[in-house]
Structures are given as C-alpha cells and as structure tokens.
1. Send over the Kirkwood Rh of segment 1-91, from the inverse of the averaged 1/r over different Cα pairs, rounded to one decimal Å.
2. Take the Cβ-Cβ distance between residue 38 and residue 278 as r, set R0 to 35 Å, and report the resulting FRET efficiency rounded to the nearest 0.05.
3. Between segment 80-148 and segment 6-36, what is the C-alpha centre distance in whole Å?
4. Helix 63-76: angle to the longest alpha-carbon principal axis of the chain, degrees 0 to 90, nearest 10?
5. Just want the ordering: 21, 92, from fewest to most Cβ atoms lying within 10 Å of their own Cβ.
6. First measure r as the distance between the Cβ atoms of residue 84 and residue 127, then evaluate 1/(1 + (r/R0)^6) with R0 = 25 Å and state the FRET efficiency to the nearest 0.05.
7. Starting from the Cα-Cα distance between residue 68 and residue 225, subtract it from 0.36 nm times their residue separation and give me the gain in nm to one decimal.
8. Ranking 312, 68, 121 by Cβ neighbours within 10 Å, fewest first, what do you get?
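Just so you know, all these numbers are worked out from the coordinates, no wet-lab data involved. This one's a predicted model, so the numbers in the text were calculated from it and none came from an experiment. When we count neighbours, we look across all protein chains shown, and the Cβ atoms used for this are built from the backbone with ideal geometry, even at glycine.
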Ligand code: BTN
C-alpha cells in the first residue's frame, strides 16, 4: 500500500477516538502513518494492550458523501448544470485558496475543502489559524462573465449566503460585520477572503475563501487576538459534510443569480444580519478614524453608510476600513 493510502487507512480506523489494534499493519509503515497523524496534532498513543487511539473523535470530511448531497441539492433546486462544480476534499493543504488559485483547468464552481491548512490566509496578510478537523476551510472558484462593477459587492453577497446557510441549518443569532466577518453571539465565527486568479476582459476568475470555526479547541487558538466563537456553541448539531454541501449549493446558486440579476436583491437583506445597524461605531482608515452611527449599507454599491455628528451620511468603500465597536472591547 502506498504511504498516502496507509495514512488514510490508519486515520479512518482511529477516527472514532476509540482504541484499535493496528497489528495487521507493518511496523515501519505504521510508524510513518502515526508520525503524520502526530504532525496533524492528533496525538496518537498506545495503551497497555498495544491498541492505538487519537486525542479525540473526528467528524472527517467525506468527498463522496458531500458530492452525493450536493447533487441532490442541485436536483431539488433544478439547477441546470448538475455535473459542474464538484467538491475536492483533502486532508492537508497549504491553503484552499492557494490550491484553487494555482491549479489549471478547473471548471467554474469547483470547491476545495480540507481538514487542515498549513498556511491559511486571512485578510490584510494575516494568518488564518487552521487546526486539523476542527473547523471549516472552504474555497470556491468562479469564472465570472460579467463586468467587474457587479462584483464589488461580492463579499457581502457571500456573507449573506453563509448567514442564510447557517440559519437554514437551525443556527440562531448569526450576524455579519461589514464587510467580511461572520459573527455568532457577538464574537467572530468566521471570515471571507476573496482573491482574483486571472483577469482579462472576457472572464474574471475569483476564488472565494471561507473559514468558519466549528469546534476549535481553546488550546489550539491561543494566538487568536480577538474574541472568537465556535459553531458548536449553538443549540443545533451541525454535521460538517452536510454543512459543506449546503454551503456549496447555496453559493453556486447565488453566484449564478448574481451574474444574471446583479447583487442588489441580495444586498437588500444585509440589514437583517447587520451586527452594527444603528450602533455607534468607529471606522479605522489608513490615517484616521471616524466616529458615527452605522446606517447599514448602500444596497447598490455595498458601501458602508456612516452618519457623523453633523448629520451627514458618508459612504465607505470595501477593503480599506475596519469596524470596531465604540463602547465595548476590541472586536
Ligand atoms: C479573515 O481574515 O477574516 C478571512 C479568513 C478567510 C480564511 C479562509 S479558510 C479557507 C480559505 N483559505 C485560506 O487560506 N483562507 C480562506
């Protein structure tokens, strides 16, 4: 058996978190596989009966199961193209965004997800903390045929899609923070990073990356400097494969609609999720900060609307601004 398959076999056998005899596997091969599991942070150990186990039970991503569910969703939604845009699952990658940015000839709608990222990227050049099998690291490639103007509000549409997906799965209290953050119970649950692959006049290829914390262990999140939330805090139990398929289906549909009809009808629903609507906020620009009341977004452009003390409403563009609550702690 080649090493990769062997690692997969050992991983699947130990994934239930219970002790297992692996005596049928050659000792050297087993040692290599266990070393890989250790590098993934799974801390394999041996008990007094020579049985092996890992640190916790894992709900592993399953490529075949996700694609089956995605196919069912597409049939139900009568999406014309049920074949395109399948999901690729990997156990470890540098970054799912990087994978889709660099692979050749992938069809529009292709999704990549992985158990772990070794170089996960956040916005503003930050690292995105990506421990094994605890969270969701999800990227989608889309070849846009429309002019870039309609793409300005793309990240807001994606945020609304993520919020809709989680709400549909029964999670309450999901909110969005302009322009790219997903909030649960007032703390950051996830974020969106959109990167561009190639640009020409005919087609613009974008990679939409989404990271969501599902069951991150506090010990794995020590470097995270802001209050964060896990999806498993919510009352409903979310199955990861189900989440990937539902999110994939919703996003693929939304992007088709975005190309046909523009973003406005999506952006009109931003307010229902807006965490700061009518709240005092400050915007941090490169050189200055501006205080005011958050008045939601302009539903044509996706720009943030901020009412300053003099009663004027100012528009702010995506990308240069971060939003912080004025009264409470840094978020
Ligand atoms: C943010 O800074 O809030 C955006 C975080 C985006 C993280 C996701 S995880 C999947 C995809 N791959 C990456 O390297 N980054 C994005």
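1. Hydrodynamic radius (Kirkwood, Cα only) of segment 1-91 equals 15.1 Å.
2. Calculated transfer efficiency: 0.10.
3. The distance from the Cα centre of segment 80-148 to that of segment 6-36 comes to 28 Å.
4. Between the helix axis and the principal axis of the chain, the angle is about 40 degrees.
5. Numbers: 21 11, 92 14.
Fewest-to-most ranking of 21, 92: 21, 92.
6. Working: r = 32 Å, r/R0 = 1.29.
It comes to 0.20.
7. Gain in length upon complete extension: 52.7 nm.
8. 312, 68, 121
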